[in-house]
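What follows is a short report on a single structure.
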Amino acid sequence: MDKPSTASRFSEDSNSNPNVHRPEIKPRDSRFHEHIDNTVPNSPAQPEYSNGQEKKYGDEEGLALGSERRRVVEKRLKMKLDGRFSILIVIYSENYIDRNNAAAARLKGFEADLNLTDTEFQTLLSILYVGYILFQVPSNMLLNRIGRPSLYLPAAMVVWGMISVLTGITKNFVGALLTRLFLGMVEAAFLPGALFILSKWYKKDELSLRYTILYCGNLISNAFGSLIAAGVLANMDGKLGHAAWRWLFYIEGALTMFFALVAIPMLPDFPHNTKRGFTTEEIRVAQLRMLEDVGEIDQDSHEEKWYSGFIMALSDWKIYILMLSLTACVTGLSFNIYFPTLTKTLGYGTTETLLLAAPPWVFSCILALLNSWHSDRTQEKFWHSTWPLLMGIMGFIISMATKPTNKAGRYVALFFQAGSYAGYIIMYTWMSSSFPRPPAKRAVALAFMNALSQTGNIAGSYVWPAKYGPTYVKSYGVVLAMFVATILLNIWFRQILVSANRRLEEGERAFNEHGDTLEQAAKLESTTVKDAQQMQRGFRFLI
């Protein structure tokens, strides 16, 4: 478990001899960081020592941790951040609506008008994830390098909104295939970029709830996307000579571009370079919060190569375990792509089907918020990610065991299945807390794991062929197995972090006597010597 204080782990040594201190950390101990000093604008000063006592960061301005002024400024800062980042919920909702509107369009002539076979429709769903996977890591590396998410993310949003509109004018399979491929390439910028920018402003004990609020944009899109689709498909057929499903792409793409323009003045950049909407005091507190969270300012060195974070991320083998777990989980969640089709098995018309598809996602959003709030309070990840997956397994079993004529039982099962997203979201927060520093490594780690895990969506696109309907027993068997694999891989990942925490404790005890053990610790954790030194100061991976 994570320890809140960066100094508490050394209390035994410092109490026994107050005049004994650790060697001062030199600014260039790490090639991947710029140490905090007074030459960096808006950055907190380095710790100073006097009479055997460590001076608190920000103490000279009355912003030391626990001070009344600090509490006031920090509360105001977080309120501003929560307000400004609320636009990310809308963007993520539009992201998923534009990604999944083909499933709704399928109910009103999309396949027939384009003369698609069942396999071709599945290919349209899966091809999006090819571009989505390939471009996430380069996009996040570029975002970290240019440091302007307030412009980068809305620009990407405008482009994918245009592509969504163009999907509405396609005449055949090839045209639709190309628009879906390019849509995935551009949408790749958003989710890893959003996760990264949130991790630059919020501490790790605040991220679960914020990530969940962000991900509610996804869950809400399943609810309100169905409601929008119901209204458009029911009322726009034949308007201006266009089919209803074409209007669906036109309207939803236009909404995306509108909200992109709204996002530009709302989104901040990073704590070290944002220029509007915050006072100097608030920026200083934002940087202090990141320093106190791990013991290092959250900023890369300007001297480093652009690929340094890439190399560090791919050399950390922990990434591959969590990536496999996320991939299995995403495959298990593939019912989301076909949710209107699964709801259709209840036997209702198109409008009723789309309306019935909304409540399970509202339930999922509420459940995810409560689960993440409790995860932040308890600083626990494994069990908070596991029990929703077990609930999803129960939903799969109910769907396999009941006939389509049992409408009540199968509809309740859809609620359980949608609720399993609450566990998947906790796994996202586990990514940030497990690969915290340096920022370049974290940017690549978040994008790499999210990108590769989306291969689960490619596989999942072929798990639900029409020939398995209306019971979809074989499909439910596949996704059930994927959830079981996810839980087993999470157990393995948790044990890795438990062992890592044990090594950190041992390193703290040996640090005064054997400073050279830092090199070994750095190698074990796939980080720099300086990061290993900072991690000795009370840092613990969340498990």
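The values are calculated or read from the model by the stated rules, or taken from the named source; none is laboratory data. What you see is a predicted model; the values in this text were computed from it and never measured. Note: ideal-geometry Cβ built from the backbone for every residue, glycine included; neighbour counts use all protein chains shown. Accessible surface areas use protein heavy atoms only, side chains included; no ligands, DNA or RNA. Shrake-Rupley method; radii C 1.70, N 1.55, O 1.52, S 1.80 Å.
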Cβ-Cβ distance below 8 Å, separation of 6 or more or different chains: which pairs start in the stretch 256-277 with a residue that is on the phi > 0 side of the Ramachandran plot and at pLDDT 95 or above and end on one that is surrounded by 18 or more Cβ atoms within 10 Å (Cβ to Cβ) and in a loop (DSSP other than H, G, I, E, B)? none
Do we have Leu248 as crowded, with 19+ Cβ neighbours inside 10 Å and either modelled with pLDDT under 90 or not in a helix (DSSP H, G or I) (or both) here? no
Are any residues in the stretch 107-144 over 23 Å from Leu446 (Cα atoms), open to solvent by 10 Å² or more (accessible area, probe 1.4 Å) and not aliphatic (A, V, I, L, M), and if so, which ones? Lys108, Gly109, Glu111, Asp113, Asn115, Thr117, Asp118, Thr119, Glu120, Gln122, Thr123
Could we say that Met391 is aliphatic (A, V, I, L, M), open to solvent by less than 10 Å² (accessible area, probe 1.4 Å) and part of a helix (DSSP H, G or I) here? no
Give just the number: which of (1) in contact with a Gly (Cβ under 8 Å, 6 or more places away or on another chain); (2) more than 30 Å from Arg540 (Cα to Cα); (3) open to solvent by less than 40 Å² (accessible area, probe 1.4 Å) does Asn222 not satisfy? (1)
Residues of the stretch 145-175 satisfying the condition of being open to solvent by less than 10 Å² (accessible area, probe 1.4 Å), assigned to a helix (DSSP H, G or I) and more than 14 Å from Arg99 (Cβ to Cβ): Pro149, Ser150, Leu153, Pro154
Which condition number in (1) among the aliphatic types (A, V, I, L, M); (2) under 15 Å from Asn95 (Cβ atoms); (3) more than 19 Å from the chain's Cα centre (by Cα) is the one that Val186 fails? (3)
